[in-house]
Amino acid sequence: AKILVLNGPNLNLLGEREPGIYGRATLADITARLAARAEAAGHALESFQSNAEHELVNRVQAARLDGTAFLLVNPAAFTHTSVALRDALAAVALPFIEVHLSNPHAREPFRHTSYFSDIATGVVCGFGADSYAYALEAAIARL
Ligand code: DQA
């Protein structure tokens, strides 16, 4: 099946962006690791990153018709702000896991709320790049 990994704003800077919080792995490193694991399990993985809310909304809408079976979504800062991206995921009604490198609950109060957690299949946060790997295992187990 096809698994789509969506990454929100500033995650293109992973590896150099606040490495004490987000680690040294680049988004390309993380994506390559995920793609290898998905392929070994007989699935296909596609990855999309954007800093623009409407691009993420458009990509989610496209997932409705492109054979995507499951999504891993790190909405980044949009986690705490985007009703539009939440509504897009609700509209396509595809299962998704919310992923964060850091543990937002251990950070500033404005990161403690998520517009996604209550409609996600599950949430994985706080394990750095491994958060994506654990979320992928959960997705594979459900496909
Ligand atoms: C993040 C956590 C968010 O609060 C933050 O805005 C990000 C990254 C994470 O993966 O830890 O950009 O989603």
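Restricting to the stretch 116-130, give me the number of residues that are closer than 18 Å to L27 by Cβ and in contact (Cβ under 8 Å) with a residue 40 or more places away in the chain.
Residues meeting the conditions: 2.
What pairs can you find where one residue is in the stretch 70-90 and on the phi > 0 side of the Ramachandran plot, the other is modelled with pLDDT of 95 or more and of a type in the set (A, V, I, L, M, F, W, C), and their Cβ atoms are less than 6 Å apart, with a gap of 6+ or different chains?
The qualifying pairs are A76/L11.
Would you be able to tell me the number of residues in the stretch 27-47 that are under 23 Å from A77 (Cβ atoms) and crowded, with 17+ Cβ neighbours inside 10 Å? Show your work before the answer.
First pass over the stretch 27-47, keeping only residues under 23 Å from A77 (Cβ atoms): 27-31, 34, 46-47.
Remaining after also requiring crowded, with 17+ Cβ neighbours inside 10 Å: 27, 30-31, 34, 46-47.
Residues flagged as under 23 Å from A77 (Cβ atoms) and crowded, with 17+ Cβ neighbours inside 10 Å within the stretch 27-47 amount to 6.
Whether any residue in the stretch 96-104 is over 21 Å from G15 (Cα atoms), in contact with a helix residue (DSSP H, G or I) (Cβ under 7 Å, 6 or more places away or on another chain) and within 10 Å of the ligand (Cβ to nearest atom) is what I want to check.
Looking only at the stretch 96-104, we keep the residues that are over 21 Å from G15 (Cα atoms), and these are 96-97.
Right, trim to in contact with a helix residue (DSSP H, G or I) (Cβ under 7 Å, 6 or more places away or on another chain) and you get 96-97.
Next, only the ones that are within 10 Å of the ligand (Cβ to nearest atom) stay: none.
Within the stretch 96-104, not a single residue is over 21 Å from G15 (Cα atoms), in contact with a helix residue (DSSP H, G or I) (Cβ under 7 Å, 6 or more places away or on another chain) and within 10 Å of the ligand (Cβ to nearest atom).
If I filter the stretch 75-108 down to residues being among the aliphatic types (A, V, I, L, M) and part of a loop (DSSP other than H, G, I, E, B), which single residue comes out as farthest from L4 (Cα to Cα)?
Step one: list which residues in the stretch 75-108 are among the aliphatic types (A, V, I, L, M), which gives 76-77, 83-85, 88-94, 97, 99, 101, 106.
Cutting the leftovers down to part of a loop (DSSP other than H, G, I, E, B) gives us 93-94, 101.
Details: A93: 14, L94: 11, L101: 17 Å.
By that ranking, first place goes to L101.
If you go through the stretch 60-74, how many residues are buried (at least 20 other Cβ atoms within 10 Å of the Cβ) and more than 16 Å from A1 (Cβ to Cβ)? First the steps, then the outcome.
Initially, the stretch 60-74 is screened for residues buried (at least 20 other Cβ atoms within 10 Å of the Cβ), giving 60, 63, 68, 70-74.
Among the residues that remain, those that are also more than 16 Å from A1 (Cβ to Cβ) are: 60, 73-74.
Qualifying residue count, the stretch 60-74: 3.
Any residue in the stretch 110-118 that is more than 10 Å from the ligand (Cβ to nearest atom) and over 28 Å from E16 (Cα atoms)?
yes
Among the residues that make up the stretch 6-19, is at least one of them touching a Ser or Thr at 6+ places or on another chain (Cβ under 8 Å), aliphatic (A, V, I, L, M) and farther than 15 Å from S114 by Cβ?
yes
One line per residue, one yes/no per condition, for (1) at positive phi; (2) modelled with pLDDT of 95 or more; (3) among the β-branched types (V, I, T):
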| site | (1), (2), (3) |
| --- | --- |
| N103 | no, yes, no |
| E108 | no, yes, no |
| S114 | no, yes, no |
| A120 | no, yes, no |
| G128 | yes, yes, no |
| Y132 | no, yes, no |
| I140 | no, yes, yes |
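Looking at the stretch 5-33, which of the residues that are over 15 Å from the mean Cα position of the chain (by Cα), touching a residue at least 60 places away in the same chain (Cβ under 8 Å) and not in a helix (DSSP H, G or I) is farthest from the ligand (Cβ to nearest atom)?
Checked the stretch 5-33; the qualifying residue farthest from the ligand (Cβ to nearest atom) is A25.
Any residue at all in the stretch 106-113 that is surrounded by 14 or more Cβ atoms within 10 Å (Cβ to Cβ) and touching a residue at least 40 places away in the same chain (Cβ under 8 Å)? Break it down into steps so the answer makes sense when it comes.
First pass over the stretch 106-113, keeping only residues surrounded by 14 or more Cβ atoms within 10 Å (Cβ to Cβ): 111.
Filter again for touching a residue at least 40 places away in the same chain (Cβ under 8 Å), leaving none.
There is no residue in the stretch 106-113 that is surrounded by 14 or more Cβ atoms within 10 Å (Cβ to Cβ) and touching a residue at least 40 places away in the same chain (Cβ under 8 Å).
The values are calculated or read from the model by the stated rules, or taken from the named source; none is laboratory data. Bear in mind the structure is a predicted one, so any value in this text is a computation, not a measurement. When we count neighbours, we look across all protein chains shown, and the Cβ atoms used for this are built from the backbone with ideal geometry, even at glycine.
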